[in-house]
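Bear in mind these aren't lab numbers, they're just calculated from the coordinates by the rules spelled out. Since the model is a prediction, treat every value here as computed from it, not as a measurement. Cβ atoms come from the backbone with ideal geometry, glycine included; neighbour counts cover every protein chain shown.
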Amino acid sequence: QVQLVESGGGLVQAGGSLRLSCVASGRDFSINAMAMGWYRQAPGKQRELVAGISSSGSTSYVDSVKGRFTISRDNAKNTVYLQMNNLKPEDTAVYYCNARVMLVVPFDYWGQGTQVTVSS
């Protein structure tokens, strides 16, 4: 129904930047009707919400990335981005794209994840 494909992960030095992309495809929904988010999960840790963006464009961030990360969306391209600046080693994780279908009971779709590694 909906497929999310992330790209843009890689290995960078502390202080560097990466831009993650998430392209959504499917016949039933477009991202203009969805809230989108980026989650991350480091080994041995629970998955956490890093940044979210509503269908209206409102954004939110976990405190640890405020001022460094920016989430944005391009509905015409069915794409969500996460611009990651001033990366720190503690940002190392697998980053997952999330799409929330805004039904009476919300339903989540997940991407396969992309690895971000920040060296010190």
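Details
- Under a Gaussian network description of the chain, with springs only between Cα atoms under 10 Å, the residue in Ser55, Ser21, Ser72 that fluctuates furthest is Ser55.
- The ellipsoid that matches the Cα gyration tensor of the chain has semi-axes, each √(5λ) in whole angstrom, of 24, 14, 13, with the longest given first.
- Sequentially through the stretch 18-24, phi angles give Karplus couplings (6.51, -1.76, 1.60; θ = phi - 60°) of 9, 10, 8, 10, 9, 9, 9 Hz, Gly and Pro residues having no value and appearing as x.
- Protection-proxy order for peptides 91-102, 6-17, each taking the mean of Cβ atoms within 10 Å per residue, highest first: 91-102, 6-17
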